[in-house]
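What follows is a single structure, written as structure tokens, with notes after it.
The numbers here are math on the coordinates, done by the rules we state, and not lab data. A quick note: this is a predicted structure, and the numbers were derived from the prediction, not measured. When we count neighbours, we look across all protein chains shown, and the Cβ atoms used for this are built from the backbone with ideal geometry, even at glycine.
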Amino acid sequence: MRAAVAATKADRAVTRLISPEAQDEVEKSAYRNDLSDAVGTTKPLPQQKSARKPSGPPLVLVSSQRVSNADSAEAYNEGDLAENSQPTPSTDSSGFAEFLELNDAKGLDEMLEAAAAYTIFAKGQESFSRPEIMKRVAMIDPAQPLSREDGLRSFGQLLRQGKFQKLDRGQFTIDHDTRFNPDKRIAGE
């Protein structure tokens, strides 16, 4: 302990002879030495060649979401984009509303099944996703909220009953024997 006190007194005596800037540098140097002793030797960080970090594989759209470049180029060249554009949600929901009315779908289970049938048979898609069907049903009456739990429960029930079949991760199709299949409707129904 006496040695430490003596060393401190000697340091103070020497620091009075050094300028304040030099004193700051001595303190920083002592701090850096103590820090390097505590941390150990560190390797410099590798220099990154690019500012962008490599990401995962590129995202791929399902076939129903793809747009061919030839179709979009023709639409642009003709100057008639409105005619070749995708239907707006309001026109899609009105078409689905007519489909529901025509098929007399009541209740959430039937509405989900009808939405799936509309997607496959009327829209011509090969498959559908659960969120797509849930959104289609929710757009019918925005004033009446669709509970997420009820929707998931009904969708799962339709899946267990075999009315929906799972194709791929997140993609489903509907049984072609559903009562909402326009090809299965009997004349006069």
| request: Among 164, 151, 140, pick out the residue whose Cα is farthest towards the positive end of the charge dipole of region 132-173, where Lys and Arg carry +1 and Asp and Glu carry -1 on C-beta, about the Cα centre. | output: 164
| query | When averaged across all projection directions, what area in nm² does the alpha-carbon convex hull of region 95-184 cover? | reply | 5.4 nm²
| field | Karplus-derived HN-Hα couplings along region 144-150 (A = 6.51, B = -1.76, C = 1.60, θ = phi - 60°), whole Hz, x at Gly and Pro | value | 9, x, 9, 5, 4, 5, 4
| query | Based on the Cβ-Cβ distance from residue 143 to residue 177, what FRET efficiency comes out when R0 is 30 Å, to the nearest 0.05? | reply | 0.35
| Can you work out ³J(HN,Hα) from phi for every residue in region 131-136, in order, using Karplus 6.51 cos²θ - 1.76 cosθ + 1.60 and θ = phi - 60°, giving whole Hz and x for Gly and Pro? | x, 4, 5, 4, 5, 4
| field | region 95-184 - charge dipole about Cα centre, Lys and Arg +1 at Cβ, Asp and Glu -1, debye rounded to 20 | value | 340 debye
| Among 28, 135, 163, what is the fewest-to-most ranking by other Cβ atoms within 10 Å? | 28, 135, 163
| field | Nonlocal amide H pairs with residue 174, under 5 Å, H built at 1.01 Å | value | 165
